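Here's the structure, in C-alpha coordinates; my notes come after.
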Amino acid sequence: MEVPVGPGPRQAGGGLGATRSTSSGRAARTTEMPWARFSAWLECVCVVTFDLELGQALELVYPSDFRLTDKEKSSICYLAFPDSHSGCLGDTQFSFRMRQCGGQRSLWQVDDRSYNNKAPLALQREPAHYLGYVYFRQVKDSSVKRGYFQKSLVLVSRLPFVRLFQSLLSLIAPEYFEKLAPCLEAVCNEIDQWPAPVPGQTLNLPIMGVVIQVRIPSRVDKLESSPPKQCDQENLLPAPVVLTSVHELDLFRCFRPVLTHVQTLWELMLLGEPLVVLAPSPDVSSELVLALTSCLQPLKFCCDFRPYFTIHDSEFKELTTRTQAPPNVVLGVTNPFFIKTLQHWPHVLRIGEPKMSGDLPKQVKLKKPSRLKTLDTKPGLYTSYTAHLHRDKALLKRLLKGVQKKRPWDVQSALLRRHLLELTQSFIIPLEHYMASLMPLQKNITPWKSPPQICPFRQDDFLRSLEHAGPQLTCILKGDWLGLYRRFFKSPHFDGWYRQRHKEMAQKLEALHLEAICEANIEAWMKDKSEVEVVDLVLKLREKLVRAQGHQLPVKEVTLQRAQLYIDTVIGSLPKDLQAVLCPP
(Lines give C-alpha, C1' and ligand atoms only; values in the text may rest on other atoms or scores of the structure.)
Protein backbone atom coordinates (compact mmCIF):
# COMPACT_ATOMS: atom_id res chain seq x y z
CA MET A 1 0.00 0.00 0.00
CA GLU A 2 1.44 3.37 -0.90
CA VAL A 3 1.64 5.88 1.89
CA PRO A 4 0.16 9.15 0.65
CA VAL A 5 2.44 12.16 0.63
CA GLY A 6 1.09 15.56 1.58
CA PRO A 7 -1.07 17.08 4.26
CA GLY A 8 -2.85 13.82 5.12
CA PRO A 9 -6.28 12.38 4.39
CA ARG A 10 -9.22 14.68 3.76
CA GLN A 11 -12.88 14.00 3.25
CA ALA A 12 -13.37 13.22 -0.41
CA GLY A 13 -17.12 13.05 -0.65
CA GLY A 14 -20.38 13.67 1.15
CA GLY A 15 -22.21 11.22 3.38
CA LEU A 16 -25.60 9.71 2.89
CA GLY A 17 -28.49 11.56 4.47
CA ALA A 18 -29.18 10.92 8.12
CA THR A 19 -32.95 10.85 7.74
CA ARG A 20 -33.84 7.19 7.85
CA SER A 21 -35.18 6.02 4.52
CA THR A 22 -38.59 4.40 4.50
CA SER A 23 -38.22 3.11 0.94
CA SER A 24 -38.14 -0.45 2.31
CA GLY A 25 -41.80 -0.07 3.22
CA ARG A 26 -41.28 0.09 7.01
CA ALA A 27 -43.04 3.04 8.60
CA ALA A 28 -40.80 5.34 10.62
CA ARG A 29 -41.18 4.88 14.37
CA THR A 30 -42.50 7.98 16.09
CA THR A 31 -41.86 6.79 19.65
CA GLU A 32 -38.07 6.91 19.36
CA MET A 33 -35.40 9.28 18.11
CA PRO A 34 -34.23 8.37 14.59
CA TRP A 35 -31.17 6.08 14.76
CA ALA A 36 -31.74 5.35 18.47
CA ARG A 37 -31.58 1.58 17.91
CA PHE A 38 -28.72 1.84 15.43
CA SER A 39 -26.63 3.80 17.94
CA ALA A 40 -27.14 1.11 20.59
CA TRP A 41 -24.83 -1.05 18.44
CA LEU A 42 -22.78 1.29 16.24
CA GLU A 43 -21.60 4.88 16.33
CA CYS A 44 -21.32 5.16 12.56
CA VAL A 45 -20.26 3.37 9.38
CA CYS A 46 -17.35 4.78 7.34
CA VAL A 47 -16.09 4.09 3.84
CA VAL A 48 -12.43 4.85 3.17
CA THR A 49 -11.04 4.82 -0.36
CA PHE A 50 -7.69 5.55 -2.00
CA ASP A 51 -7.76 8.78 -3.94
CA LEU A 52 -4.81 9.51 -6.28
CA GLU A 53 -4.72 13.16 -5.23
CA LEU A 54 -5.70 12.89 -1.57
CA GLY A 55 -4.32 9.49 -0.56
CA GLN A 56 -6.54 7.64 1.92
CA ALA A 57 -9.81 9.60 1.94
CA LEU A 58 -13.08 9.36 3.83
CA GLU A 59 -15.67 8.75 1.14
CA LEU A 60 -18.70 8.79 3.42
CA VAL A 61 -19.88 8.61 7.01
CA TYR A 62 -23.32 7.18 7.70
CA PRO A 63 -25.43 8.58 9.34
CA SER A 64 -23.97 11.85 8.11
CA ASP A 65 -25.05 13.78 11.25
CA PHE A 66 -22.53 11.79 13.27
CA ARG A 67 -19.77 14.23 14.17
CA LEU A 68 -16.16 13.11 13.79
CA THR A 69 -13.37 15.61 14.44
CA ASP A 70 -10.76 16.18 11.74
CA LYS A 71 -8.23 14.29 13.86
CA GLU A 72 -10.59 11.32 14.18
CA LYS A 73 -11.30 11.33 10.43
CA SER A 74 -7.56 11.32 9.74
CA SER A 75 -6.99 8.44 12.19
CA ILE A 76 -9.80 6.35 10.67
CA CYS A 77 -8.39 6.92 7.17
CA TYR A 78 -4.91 5.67 8.08
CA LEU A 79 -6.09 2.83 10.35
CA ALA A 80 -8.56 1.52 7.75
CA PHE A 81 -5.77 0.55 5.30
CA PRO A 82 -2.87 -1.88 5.78
CA ASP A 83 0.47 -0.09 5.43
CA SER A 84 2.76 -0.59 2.46
CA HIS A 85 4.74 -3.38 4.19
CA SER A 86 1.76 -5.74 4.49
CA GLY A 87 1.00 -6.29 0.80
CA CYS A 88 -2.54 -7.50 1.52
CA LEU A 89 -4.17 -8.63 -1.73
CA GLY A 90 -7.79 -9.75 -1.76
CA ASP A 91 -9.97 -9.28 1.33
CA THR A 92 -8.57 -8.62 4.80
CA GLN A 93 -10.44 -8.15 8.07
CA PHE A 94 -8.88 -6.52 11.12
CA SER A 95 -9.69 -4.10 13.93
CA PHE A 96 -8.28 -0.99 15.58
CA ARG A 97 -8.86 1.15 18.68
CA MET A 98 -8.48 4.92 18.72
CA ARG A 99 -8.95 7.66 21.28
CA GLN A 100 -12.05 9.85 21.08
CA CYS A 101 -11.39 13.58 20.85
CA GLY A 102 -14.34 14.64 23.03
CA GLY A 103 -17.56 16.52 22.42
CA GLN A 104 -21.12 15.34 21.84
CA ARG A 105 -21.38 13.14 18.77
CA SER A 106 -25.02 12.87 17.90
CA LEU A 107 -28.54 13.73 18.94
CA TRP A 108 -29.16 10.07 19.73
CA GLN A 109 -26.35 9.53 22.30
CA VAL A 110 -26.84 6.22 24.17
CA ASP A 111 -26.92 6.12 27.99
CA ASP A 112 -24.28 3.53 28.90
CA ARG A 113 -25.32 2.92 32.51
CA SER A 114 -28.14 0.43 31.93
CA TYR A 115 -25.94 -1.79 29.73
CA ASN A 116 -22.71 -1.38 31.73
CA ASN A 117 -24.35 -2.23 35.06
CA LYS A 118 -25.27 -5.70 33.77
CA ALA A 119 -22.43 -6.44 31.33
CA PRO A 120 -19.18 -8.22 32.30
CA LEU A 121 -16.51 -5.62 33.08
CA ALA A 122 -14.45 -6.68 30.06
CA LEU A 123 -17.45 -6.13 27.71
CA GLN A 124 -18.60 -2.71 28.92
CA ARG A 125 -18.90 0.10 26.39
CA GLU A 126 -15.66 1.99 25.80
CA PRO A 127 -16.03 5.40 27.52
CA ALA A 128 -13.17 7.22 25.77
CA HIS A 129 -12.18 5.15 22.70
CA TYR A 130 -13.72 4.01 19.44
CA LEU A 131 -13.33 0.46 18.18
CA GLY A 132 -13.04 0.14 14.41
CA TYR A 133 -13.88 -3.13 12.62
CA VAL A 134 -12.45 -3.10 9.09
CA TYR A 135 -13.11 -5.05 5.91
CA PHE A 136 -10.44 -4.03 3.36
CA ARG A 137 -10.45 -5.09 -0.29
CA GLN A 138 -7.55 -4.70 -2.72
CA VAL A 139 -7.97 -6.33 -6.14
CA LYS A 140 -6.63 -5.65 -9.62
CA ASP A 141 -8.94 -3.40 -11.59
CA SER A 142 -7.91 -2.12 -15.02
CA SER A 143 -10.70 0.50 -14.97
CA VAL A 144 -8.96 2.31 -12.10
CA LYS A 145 -6.04 4.62 -12.93
CA ARG A 146 -3.74 2.98 -10.37
CA GLY A 147 -4.68 -0.52 -11.56
CA TYR A 148 -6.16 -1.54 -8.19
CA PHE A 149 -9.54 -1.26 -6.49
CA GLN A 150 -8.78 -0.28 -2.86
CA LYS A 151 -11.57 0.37 -0.39
CA SER A 152 -12.39 -0.28 3.28
CA LEU A 153 -15.74 -0.55 5.00
CA VAL A 154 -15.41 0.33 8.69
CA LEU A 155 -17.93 -0.25 11.49
CA VAL A 156 -17.21 2.19 14.34
CA SER A 157 -18.56 1.11 17.72
CA ARG A 158 -17.87 1.34 21.44
CA LEU A 159 -18.83 -2.31 21.99
CA PRO A 160 -15.99 -4.89 22.00
CA PHE A 161 -18.05 -7.46 20.03
CA VAL A 162 -15.28 -8.42 17.60
CA ARG A 163 -16.82 -11.77 16.54
CA LEU A 164 -20.25 -10.26 15.87
CA PHE A 165 -18.99 -7.25 13.91
CA GLN A 166 -16.53 -9.29 11.86
CA SER A 167 -19.35 -11.72 10.96
CA LEU A 168 -21.54 -8.75 10.08
CA LEU A 169 -18.83 -7.29 7.83
CA SER A 170 -18.33 -10.60 6.01
CA LEU A 171 -22.02 -10.39 5.01
CA ILE A 172 -22.23 -6.65 4.28
CA ALA A 173 -18.88 -5.71 2.71
CA PRO A 174 -18.79 -7.99 -0.38
CA GLU A 175 -22.33 -6.88 -1.25
CA TYR A 176 -21.47 -3.22 -0.62
CA PHE A 177 -18.39 -3.33 -2.87
CA GLU A 178 -20.69 -4.51 -5.67
CA LYS A 179 -23.73 -2.26 -5.11
CA LEU A 180 -22.28 0.68 -3.09
CA ALA A 181 -24.37 3.36 -1.31
CA PRO A 182 -27.97 2.04 -1.69
CA CYS A 183 -26.93 -1.29 -0.17
CA LEU A 184 -25.27 0.42 2.80
CA GLU A 185 -28.30 2.60 3.48
CA ALA A 186 -30.57 -0.47 3.49
CA VAL A 187 -28.23 -2.31 5.89
CA CYS A 188 -28.12 0.64 8.32
CA ASN A 189 -31.92 0.83 8.26
CA GLU A 190 -32.07 -2.88 9.14
CA ILE A 191 -29.66 -2.39 12.08
CA ASP A 192 -31.92 0.48 13.21
CA GLN A 193 -34.67 -2.13 13.66
CA TRP A 194 -32.60 -4.33 16.00
CA PRO A 195 -33.42 -4.64 19.69
CA ALA A 196 -30.83 -3.07 22.01
CA PRO A 197 -28.05 -5.33 23.35
CA VAL A 198 -29.33 -6.35 26.80
CA PRO A 199 -26.92 -8.51 28.86
CA GLY A 200 -28.34 -11.98 29.48
CA GLN A 201 -30.70 -11.92 26.49
CA THR A 202 -30.61 -13.99 23.30
CA LEU A 203 -31.37 -11.79 20.29
CA ASN A 204 -32.27 -12.47 16.67
CA LEU A 205 -30.68 -9.85 14.41
CA PRO A 206 -31.97 -9.82 10.79
CA ILE A 207 -29.53 -8.56 8.17
CA MET A 208 -29.60 -8.95 4.37
CA GLY A 209 -31.92 -11.94 4.40
CA VAL A 210 -30.01 -13.71 7.18
CA VAL A 211 -30.87 -13.86 10.90
CA ILE A 212 -27.86 -13.81 13.23
CA GLN A 213 -28.65 -15.22 16.65
CA VAL A 214 -26.46 -14.02 19.53
CA ARG A 215 -26.52 -14.08 23.29
CA ILE A 216 -25.26 -10.93 25.02
CA PRO A 217 -23.06 -11.99 27.98
CA SER A 218 -24.14 -10.91 31.46
CA ARG A 219 -22.15 -10.20 34.62
CA VAL A 220 -24.04 -12.97 36.43
CA ASP A 221 -23.16 -15.66 33.85
CA LYS A 222 -21.12 -18.59 35.02
CA LEU A 223 -17.78 -18.40 33.24
CA GLU A 224 -17.64 -21.16 30.65
CA SER A 225 -14.76 -22.24 28.50
CA SER A 226 -17.01 -24.20 26.13
CA PRO A 227 -19.50 -22.67 23.66
CA PRO A 228 -23.04 -22.07 24.99
CA LYS A 229 -25.80 -24.39 23.84
CA GLN A 230 -27.85 -23.37 20.84
CA CYS A 231 -31.01 -21.58 21.92
CA ASP A 232 -34.56 -22.38 20.89
CA GLN A 233 -35.05 -20.99 17.41
CA GLU A 234 -38.80 -20.44 17.72
CA ASN A 235 -39.44 -21.80 14.20
CA LEU A 236 -37.67 -18.82 12.67
CA LEU A 237 -37.54 -18.61 8.90
CA PRO A 238 -34.88 -18.43 7.66
CA ALA A 239 -33.16 -20.55 10.31
CA PRO A 240 -30.76 -18.31 12.19
CA VAL A 241 -26.98 -18.37 11.96
CA VAL A 242 -25.99 -18.97 15.59
CA LEU A 243 -22.86 -17.17 16.80
CA THR A 244 -21.52 -19.01 19.86
CA SER A 245 -19.98 -15.78 21.15
CA VAL A 246 -20.14 -12.08 20.31
CA HIS A 247 -16.56 -11.44 21.43
CA GLU A 248 -14.39 -14.55 21.82
CA LEU A 249 -11.61 -15.10 19.29
CA ASP A 250 -10.11 -18.41 18.19
CA LEU A 251 -7.43 -18.31 20.90
CA PHE A 252 -5.56 -21.36 19.64
CA ARG A 253 -5.18 -19.90 16.15
CA CYS A 254 -4.09 -16.53 17.57
CA PHE A 255 -1.52 -18.05 19.93
CA ARG A 256 -0.21 -20.84 17.67
CA PRO A 257 3.25 -19.32 17.08
CA VAL A 258 3.70 -18.42 20.79
CA LEU A 259 2.13 -21.37 22.65
CA THR A 260 5.38 -22.12 24.52
CA HIS A 261 5.32 -18.57 25.92
CA VAL A 262 1.59 -18.18 26.68
CA GLN A 263 2.21 -18.18 30.44
CA THR A 264 4.98 -15.58 30.19
CA LEU A 265 2.71 -13.41 28.03
CA TRP A 266 -0.12 -13.90 30.57
CA GLU A 267 2.20 -12.60 33.30
CA LEU A 268 3.22 -9.59 31.17
CA MET A 269 -0.48 -8.78 30.60
CA LEU A 270 -1.30 -9.24 34.30
CA LEU A 271 1.48 -6.82 35.26
CA GLY A 272 0.45 -4.26 32.62
CA GLU A 273 3.88 -4.34 30.97
CA PRO A 274 4.47 -2.36 27.73
CA LEU A 275 4.52 -4.79 24.79
CA VAL A 276 4.82 -4.23 21.05
CA VAL A 277 3.57 -6.97 18.71
CA LEU A 278 5.17 -6.75 15.26
CA ALA A 279 3.20 -8.90 12.81
CA PRO A 280 3.25 -9.34 9.01
CA SER A 281 -0.28 -7.94 8.53
CA PRO A 282 -2.95 -5.99 10.47
CA ASP A 283 -5.25 -9.02 10.77
CA VAL A 284 -2.52 -11.01 12.58
CA SER A 285 -1.47 -8.04 14.74
CA SER A 286 -5.02 -7.08 15.76
CA GLU A 287 -6.13 -10.64 16.56
CA LEU A 288 -3.02 -11.34 18.65
CA VAL A 289 -3.35 -8.07 20.61
CA LEU A 290 -7.06 -8.76 21.28
CA ALA A 291 -6.23 -12.35 22.31
CA LEU A 292 -3.57 -11.07 24.72
CA THR A 293 -5.88 -8.50 26.30
CA SER A 294 -8.65 -11.11 26.69
CA CYS A 295 -6.48 -13.69 28.46
CA LEU A 296 -7.00 -12.02 31.87
CA GLN A 297 -10.77 -12.57 31.97
CA PRO A 298 -12.68 -12.26 34.26
CA LEU A 299 -10.28 -9.41 35.18
CA LYS A 300 -10.89 -6.25 33.18
CA PHE A 301 -7.89 -5.22 31.07
CA CYS A 302 -7.15 -1.76 32.50
CA CYS A 303 -4.24 -0.68 30.28
CA ASP A 304 -4.32 0.94 26.88
CA PHE A 305 -4.13 -1.31 23.81
CA ARG A 306 -4.03 -0.71 20.08
CA PRO A 307 -4.72 -3.80 17.93
CA TYR A 308 -3.32 -1.97 14.88
CA PHE A 309 -1.20 1.17 15.07
CA THR A 310 0.58 3.18 12.37
CA ILE A 311 3.30 5.84 12.24
CA HIS A 312 0.65 8.31 11.01
CA ASP A 313 -1.39 8.00 14.21
CA SER A 314 -1.96 11.31 16.04
CA GLU A 315 -0.62 9.63 19.20
CA PHE A 316 2.54 8.29 17.56
CA LYS A 317 4.88 10.77 19.29
CA GLU A 318 3.13 10.37 22.63
CA LEU A 319 3.40 6.56 22.64
CA THR A 320 6.91 6.28 21.20
CA THR A 321 8.73 9.06 23.08
CA ARG A 322 12.06 8.22 24.73
CA THR A 323 11.88 11.10 27.24
CA GLN A 324 9.93 8.95 29.69
CA ALA A 325 9.34 5.27 30.47
CA PRO A 326 7.26 3.38 27.88
CA PRO A 327 3.52 3.66 28.66
CA ASN A 328 1.41 0.69 29.83
CA VAL A 329 0.13 -0.20 26.38
CA VAL A 330 -0.01 -3.23 24.07
CA LEU A 331 0.76 -2.03 20.56
CA GLY A 332 0.04 -4.04 17.40
CA VAL A 333 2.13 -2.88 14.42
CA THR A 334 3.15 -4.11 10.98
CA ASN A 335 5.80 -1.58 9.96
CA PRO A 336 9.37 -2.81 10.78
CA PHE A 337 10.30 0.83 11.36
CA PHE A 338 8.78 0.36 14.85
CA ILE A 339 11.62 -1.99 15.83
CA LYS A 340 14.02 0.92 15.57
CA THR A 341 11.58 3.42 17.10
CA LEU A 342 10.64 1.18 20.04
CA GLN A 343 14.05 -0.34 20.79
CA HIS A 344 13.82 1.07 24.32
CA TRP A 345 10.61 -0.90 25.04
CA PRO A 346 11.19 -3.80 27.47
CA HIS A 347 9.19 -6.42 25.52
CA VAL A 348 8.90 -6.89 21.73
CA LEU A 349 7.10 -9.86 20.16
CA ARG A 350 7.99 -10.42 16.49
CA ILE A 351 5.67 -12.79 14.62
CA GLY A 352 6.54 -14.32 11.23
CA GLU A 353 4.29 -15.14 8.29
CA PRO A 354 1.47 -17.50 9.37
CA LYS A 355 1.80 -21.12 8.23
CA MET A 356 -1.28 -22.59 6.58
CA SER A 357 -0.52 -26.28 7.30
CA GLY A 358 -2.24 -28.26 10.06
CA ASP A 359 1.01 -28.69 11.97
CA LEU A 360 2.05 -26.43 14.82
CA PRO A 361 4.14 -23.58 13.36
CA LYS A 362 7.70 -23.06 14.52
CA GLN A 363 7.55 -21.51 18.00
CA VAL A 364 9.15 -18.11 18.49
CA LYS A 365 12.19 -18.16 20.77
CA LEU A 366 12.91 -16.12 23.88
CA LYS A 367 15.69 -13.64 23.05
CA LYS A 368 17.54 -10.84 24.84
CA PRO A 369 16.47 -7.28 23.90
CA SER A 370 20.10 -6.47 23.01
CA ARG A 371 19.68 -8.62 19.85
CA LEU A 372 16.86 -6.36 18.64
CA LYS A 373 18.89 -4.08 16.39
CA THR A 374 18.10 -4.48 12.72
CA LEU A 375 15.00 -3.96 10.61
CA ASP A 376 15.13 -7.59 9.46
CA THR A 377 14.87 -8.93 13.02
CA LYS A 378 13.91 -12.61 13.18
CA PRO A 379 10.70 -13.76 14.93
CA GLY A 380 11.04 -14.01 18.70
CA LEU A 381 9.95 -12.67 22.08
CA TYR A 382 12.64 -10.10 22.87
CA THR A 383 12.60 -9.56 26.63
CA SER A 384 14.78 -9.83 29.72
CA TYR A 385 11.72 -10.70 31.84
CA THR A 386 11.93 -13.98 33.78
CA ALA A 387 8.57 -15.65 34.42
CA HIS A 388 7.58 -16.07 38.08
CA LEU A 389 5.64 -19.30 37.48
CA HIS A 390 6.89 -22.57 36.02
CA ARG A 391 5.62 -23.48 32.58
CA ASP A 392 2.65 -25.87 32.41
CA LYS A 393 4.18 -28.64 30.30
CA ALA A 394 1.04 -30.80 30.56
CA LEU A 395 -1.00 -28.14 28.73
CA LEU A 396 1.53 -27.94 25.89
CA LYS A 397 1.53 -31.72 25.55
CA ARG A 398 -2.29 -31.81 25.37
CA LEU A 399 -2.36 -29.08 22.72
CA LEU A 400 0.40 -30.75 20.70
CA LYS A 401 -1.43 -34.08 20.90
CA GLY A 402 -4.56 -32.28 19.69
CA VAL A 403 -2.63 -31.01 16.63
CA GLN A 404 -1.36 -34.51 15.86
CA LYS A 405 -4.86 -35.98 16.20
CA LYS A 406 -6.34 -33.11 14.15
CA ARG A 407 -8.58 -32.07 17.05
CA PRO A 408 -10.94 -29.22 16.01
CA TRP A 409 -9.50 -25.77 16.67
CA ASP A 410 -12.52 -24.66 18.71
CA VAL A 411 -11.80 -27.54 21.13
CA GLN A 412 -8.13 -26.53 21.29
CA SER A 413 -9.20 -22.95 21.96
CA ALA A 414 -11.54 -24.11 24.74
CA LEU A 415 -8.62 -25.97 26.40
CA LEU A 416 -6.42 -22.89 26.21
CA ARG A 417 -9.18 -20.54 27.41
CA ARG A 418 -9.98 -22.83 30.36
CA HIS A 419 -6.29 -22.93 31.34
CA LEU A 420 -5.98 -19.12 31.26
CA LEU A 421 -9.28 -18.67 33.10
CA GLU A 422 -8.25 -21.09 35.87
CA LEU A 423 -4.83 -19.42 36.12
CA THR A 424 -6.41 -15.96 36.50
CA GLN A 425 -9.00 -17.23 38.98
CA SER A 426 -6.32 -18.97 41.08
CA PHE A 427 -4.46 -15.67 41.23
CA ILE A 428 -7.54 -13.53 42.00
CA ILE A 429 -9.42 -15.77 44.50
CA PRO A 430 -6.98 -15.08 47.42
CA LEU A 431 -7.32 -11.34 46.71
CA GLU A 432 -11.12 -11.63 46.69
CA HIS A 433 -11.12 -13.57 49.99
CA TYR A 434 -8.86 -11.03 51.68
CA MET A 435 -10.90 -8.11 50.30
CA ALA A 436 -14.12 -9.69 51.64
CA SER A 437 -12.54 -9.85 55.12
CA LEU A 438 -12.22 -6.03 55.05
CA MET A 439 -16.01 -5.58 54.91
CA PRO A 440 -17.57 -4.47 58.23
CA LEU A 441 -19.83 -7.06 59.91
CA GLN A 442 -23.55 -6.60 59.29
CA LYS A 443 -24.25 -6.52 63.06
CA ASN A 444 -22.17 -3.31 63.26
CA ILE A 445 -24.45 -1.49 60.78
CA THR A 446 -27.03 0.48 62.76
CA PRO A 447 -29.81 2.63 61.27
CA TRP A 448 -29.12 5.98 62.94
CA LYS A 449 -25.34 6.13 62.60
CA SER A 450 -23.16 6.46 59.52
CA PRO A 451 -22.12 2.99 58.30
CA PRO A 452 -18.64 1.84 59.43
CA GLN A 453 -15.70 2.24 57.03
CA ILE A 454 -14.22 -0.55 54.89
CA CYS A 455 -10.87 -1.57 56.42
CA PRO A 456 -7.75 -0.54 54.44
CA PHE A 457 -6.01 -3.07 52.17
CA ARG A 458 -2.65 -3.90 53.79
CA GLN A 459 -0.34 -5.63 51.33
CA ASP A 460 1.82 -7.27 54.03
CA ASP A 461 -1.25 -8.73 55.76
CA PHE A 462 -2.45 -10.12 52.44
CA LEU A 463 0.93 -11.67 51.62
CA ARG A 464 1.01 -13.34 55.06
CA SER A 465 -2.46 -14.81 54.40
CA LEU A 466 -1.16 -16.62 51.30
CA GLU A 467 0.58 -19.26 53.43
CA HIS A 468 -2.80 -20.79 54.34
CA ALA A 469 -5.10 -19.41 51.63
CA GLY A 470 -2.89 -18.89 48.58
CA PRO A 471 -3.21 -19.92 44.92
CA GLN A 472 -1.59 -23.29 45.71
CA LEU A 473 -5.07 -24.42 46.90
CA THR A 474 -6.51 -24.20 43.38
CA CYS A 475 -3.47 -24.28 41.06
CA ILE A 476 -0.83 -26.98 40.63
CA LEU A 477 1.72 -24.58 39.15
CA LYS A 478 4.78 -23.92 41.27
CA GLY A 479 6.82 -20.74 41.26
CA ASP A 480 7.32 -17.40 42.94
CA TRP A 481 3.68 -16.45 43.56
CA LEU A 482 4.71 -13.91 46.23
CA GLY A 483 6.98 -12.11 43.78
CA LEU A 484 4.19 -12.03 41.20
CA TYR A 485 1.75 -10.50 43.71
CA ARG A 486 4.33 -7.88 44.77
CA ARG A 487 4.76 -6.76 41.14
CA PHE A 488 1.00 -6.93 40.57
CA PHE A 489 0.45 -4.39 43.39
CA LYS A 490 2.37 -1.82 41.30
CA SER A 491 0.36 -2.47 38.13
CA PRO A 492 -2.68 -0.66 36.68
CA HIS A 493 -4.63 -3.92 36.98
CA PHE A 494 -4.36 -4.04 40.77
CA ASP A 495 -5.47 -0.41 40.91
CA GLY A 496 -8.39 -1.11 38.54
CA TRP A 497 -9.43 -4.29 40.40
CA TYR A 498 -9.18 -2.66 43.84
CA ARG A 499 -11.15 0.45 42.83
CA GLN A 500 -13.94 -1.68 41.32
CA ARG A 501 -14.17 -4.02 44.33
CA HIS A 502 -14.02 -1.12 46.82
CA LYS A 503 -16.80 0.67 44.90
CA GLU A 504 -18.98 -2.49 44.93
CA MET A 505 -18.37 -3.00 48.67
CA ALA A 506 -19.17 0.65 49.45
CA GLN A 507 -22.43 0.31 47.49
CA LYS A 508 -23.27 -2.92 49.35
CA LEU A 509 -22.54 -1.17 52.66
CA GLU A 510 -24.84 1.71 51.72
CA ALA A 511 -27.56 -0.74 50.66
CA LEU A 512 -27.31 -2.60 53.99
CA HIS A 513 -27.55 0.74 55.82
CA LEU A 514 -30.69 1.64 53.84
CA GLU A 515 -32.21 -1.76 54.70
CA ALA A 516 -31.36 -1.23 58.40
CA ILE A 517 -33.16 2.16 58.34
CA CYS A 518 -36.20 0.63 56.62
CA GLU A 519 -36.42 -2.15 59.22
CA ALA A 520 -36.18 0.27 62.18
CA ASN A 521 -39.07 1.93 64.03
CA ILE A 522 -38.88 5.38 62.50
CA GLU A 523 -41.79 6.85 64.53
CA ALA A 524 -40.08 5.94 67.82
CA TRP A 525 -36.85 7.56 66.56
CA MET A 526 -38.65 10.81 65.63
CA LYS A 527 -40.20 11.39 69.08
CA ASP A 528 -37.26 13.24 70.63
CA LYS A 529 -35.69 14.65 67.44
CA SER A 530 -35.61 18.28 66.34
CA GLU A 531 -37.03 19.43 63.00
CA VAL A 532 -33.50 19.95 61.67
CA GLU A 533 -32.60 16.30 62.40
CA VAL A 534 -35.82 15.05 60.81
CA VAL A 535 -35.30 17.17 57.65
CA ASP A 536 -31.70 15.91 57.48
CA LEU A 537 -33.00 12.31 57.54
CA VAL A 538 -35.45 13.06 54.71
CA LEU A 539 -32.71 14.53 52.54
CA LYS A 540 -30.34 11.60 53.19
CA LEU A 541 -33.05 9.01 52.55
CA ARG A 542 -34.01 10.74 49.30
CA GLU A 543 -30.39 10.75 48.15
CA LYS A 544 -30.05 7.02 48.88
CA LEU A 545 -33.36 6.34 47.14
CA VAL A 546 -32.28 8.20 43.98
CA ARG A 547 -29.00 6.22 43.89
CA ALA A 548 -30.83 2.93 44.47
CA GLN A 549 -33.41 3.65 41.77
CA GLY A 550 -30.55 4.45 39.37
CA HIS A 551 -29.31 0.87 39.97
CA GLN A 552 -26.20 2.13 41.75
CA LEU A 553 -27.16 0.30 44.96
CA PRO A 554 -27.99 -3.43 45.13
CA VAL A 555 -31.35 -3.24 46.96
CA LYS A 556 -34.66 -5.10 46.60
CA GLU A 557 -37.79 -3.44 45.25
CA VAL A 558 -39.58 -3.94 48.60
CA THR A 559 -36.83 -1.91 50.31
CA LEU A 560 -37.29 0.93 47.82
CA GLN A 561 -41.05 0.96 48.46
CA ARG A 562 -40.52 0.96 52.23
CA ALA A 563 -37.97 3.82 51.97
CA GLN A 564 -40.49 5.92 49.99
CA LEU A 565 -43.16 5.17 52.60
CA TYR A 566 -40.79 6.28 55.38
CA ILE A 567 -40.03 9.53 53.54
CA ASP A 568 -43.78 10.22 53.18
CA THR A 569 -44.36 9.39 56.87
CA VAL A 570 -41.56 11.66 58.07
CA ILE A 571 -42.62 14.59 55.84
CA GLY A 572 -46.24 14.16 57.03
CA SER A 573 -45.12 14.68 60.63
CA LEU A 574 -43.58 18.09 59.86
CA PRO A 575 -45.29 21.51 59.93
CA LYS A 576 -47.06 22.60 56.74
CA ASP A 577 -44.44 25.23 55.83
CA LEU A 578 -41.63 22.63 55.91
CA GLN A 579 -43.79 20.16 53.98
CA ALA A 580 -44.19 22.80 51.26
CA VAL A 581 -40.40 23.25 51.09
CA LEU A 582 -39.68 19.49 50.91
CA CYS A 583 -42.58 18.73 48.53
CA PRO A 584 -43.08 21.81 46.33
CA PRO A 585 -46.21 21.67 44.13
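The values are calculated or read from the model by the stated rules, or taken from the named source; none is laboratory data. These numbers were taken from a predicted model, which means no experiment stands behind them. Cβ: placed from backbone, ideal geometry, glycine included. Neighbour counts: every protein chain shown. We work out accessible area using only protein heavy atoms, side chains counted, and drop any ligands, DNA or RNA first. Shrake-Rupley method; radii C 1.70, N 1.55, O 1.52, S 1.80 Å.
Things to note:
- Applying 1/(1 + (r/R0)^6) with R0 = 30 Å to the Cβ-Cβ distance of VAL139 and SER314 gives a FRET efficiency near 0.50.
- The chain - mean residue ellipticity at 222 nm from DSSP helices (-39,500 (n - 2.57) per run, n ≥ 4, rounded to 500): -11500 deg cm²/dmol
- Using a Förster distance of 22 Å, the FRET efficiency for VAL220-GLU126 (Cβ separation, nearest 0.05): 0.50
- Loop-resident sites, the stretch 519-565, for trypsin sites (Lys or Arg not before Pro), counting at most 12 other Cβ within 10 Å (DSSP): LYS527, LYS556
- Distance from the stretch 506-585 to the stretch 149-164 (C-alpha centre basis), Å: 48 Å
- Solvent accessible area, Å² - THR446, 1.4 Å probe, full protein context: 60 Å²
- Contact order normalised by residue count of the stretch 476-585, Cα under 8 Å, 6+ apart, percent: 27 percent
- Simple label model, 7 Å out from Cα along Cβ direction - HIS468 to VAL210, nm: 5.7 nm
- Charge dipole of the chain (Cα centre as origin; +1 on each Lys and Arg Cβ, -1 on each Asp and Glu Cβ, all else neutral): 2020 debye, rounded to the nearest 20.
- A 1.4 Å probe run over the stretch 352-483, with the rest of the protein chains in place, finds 65 Å² accessible per residue.
- With a cut-off of 16 Å on the backbone N, the residues of the stretch 285-315 near the modelled label site 7 Å out from PHE337 along Cα-Cβ are 309-315.
- Placing a label point 7 Å from the Cα of LYS556 along the Cα-to-Cβ direction, the residues of the stretch 431-452 whose backbone N falls under 19 Å from that point are 442-443, 445-447.
- Spatially proximal aspartates and glutamates relative to LYS397 (Cα-Cα < 20 Å; intrachain offsets below 8 disregarded): ASP250, ASP359, ASP410, GLU422
- In degrees, nearest ten, helix 70-79 long axis to first principal axis of the chain (Cα): 50 degrees
- Counted charge near ALA128, where neighbours are those whose Cβ lies closer than 11 Å (Asp, Glu -1; Lys, Arg +1): +2
- Of the trypsin sites (Lys or Arg not before Pro) found in the stretch 431-464, the ones in coil according to DSSP and having at most 16 other Cβ atoms within 10 Å of their Cβ are LYS449, ARG458.
- Structure-derived log10 I(q)/I(0) by the Debye sum over Cα atoms at q = 0.08, 0.09 Å⁻¹ - corresponding label in [x] -0.82, -0.95; [y] -0.76, -0.96; [z] -0.67, -0.83: [z]
- The chain - percent of accessible surface contributed by carbon and sulfur, probe 1.4 Å: 53 percent
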